[in-house]
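The values are calculated or read from the model by the stated rules, or taken from the named source; none is laboratory data. What you are looking at is a predicted structure, and each value in this text was computed from that prediction instead of being measured. Note that we place each Cβ from the backbone using ideal geometry, even for glycine, and neighbour counts take in every protein chain shown. Side chains included, ligands, DNA and RNA excluded: accessible areas come from the protein's heavy atoms. Shrake-Rupley method; radii C 1.70, N 1.55, O 1.52, S 1.80 Å.
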Amino acid sequence: MAASSRAQVLDLYRAMLRESKHFSAYNYRTYAVRRIRDAFRENQNVKDPVEIQTLVNKAKRDLEIIRRQVHIGQLYSTDKLNIENQEKPRERGPAIPE
């Protein structure tokens with residue numbers, strides 16, 4: 001992959017993750033982040049420039065869909081789930097040597 005297309009793909013990946021973290025609904029947010037990561041991992045070894053461009057175009061369309069859905073979700077916001085209200089995850093104690 002050329003350096004410019006690699007940079008473009010990484011920018012697109014970051015933009016999709018950043019935008020999907022704005023979903024107001026926890027389930028949509030976690031699903032979107034997981035799905036984006038899985039899709040990019042699945043296609044990380046693609047070498048054909050035509051196929052790369054096709055995937056980039058699809059990702060750009062998906063980014064616009066995410067932006068629209070985030071906006072719609074903000075119009076109809078709901079209460080946070082209990083899992084979202086936790087201030088920080090429980091800390092693990094020291095490891096017990098065996």
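What are the ³J(HN,Hα) couplings of the range 73-83, residue after residue, when phi is run through the Karplus curve with 6.51, -1.76, 1.60 and θ = phi - 60°? Round to Hz, x for glycine and proline.
Karplus values, whole Hz, x for Gly and Pro: x, 6, 6, 10, 6, 10, 5, 6, 7, 4, 5.
Based on the inverse mean of 1/r over its pairs of different Cα atoms, what is the Kirkwood hydrodynamic radius of the range 1-88, in Å?
When all Cα pairs of the range 1-88 are included, the Kirkwood radius is 14.2 Å.
Multiplying the sequence separation of Asn57 and Thr78 by 0.36 nm and subtracting their Cα-Cα distance, what value in nm do you get?
Between Asn57 and Thr78, full extension yields an extra 4.3 nm.
Please list 3J(HN,Hα) in residue order for the range 60-65, calculated via the Karplus relation 6.51 cos²θ - 1.76 cosθ + 1.60 where θ = phi - 60°; whole Hz, with x for glycine and proline.
For the range 60-65, the Karplus-derived couplings read 5, 5, 5, 4, 5, 5 Hz, x marking Gly and Pro.
Enter the accessible area per residue of the range 1-77 (Å², integer; probe 1.4 Å; all protein chains in place).
73 Å²
If you keep only loop residues by DSSP, which trypsin sites (Lys or Arg not before Pro) in the range 23-52 have at most 10 other Cβ atoms within 10 Å of their Cβ?
Lys47
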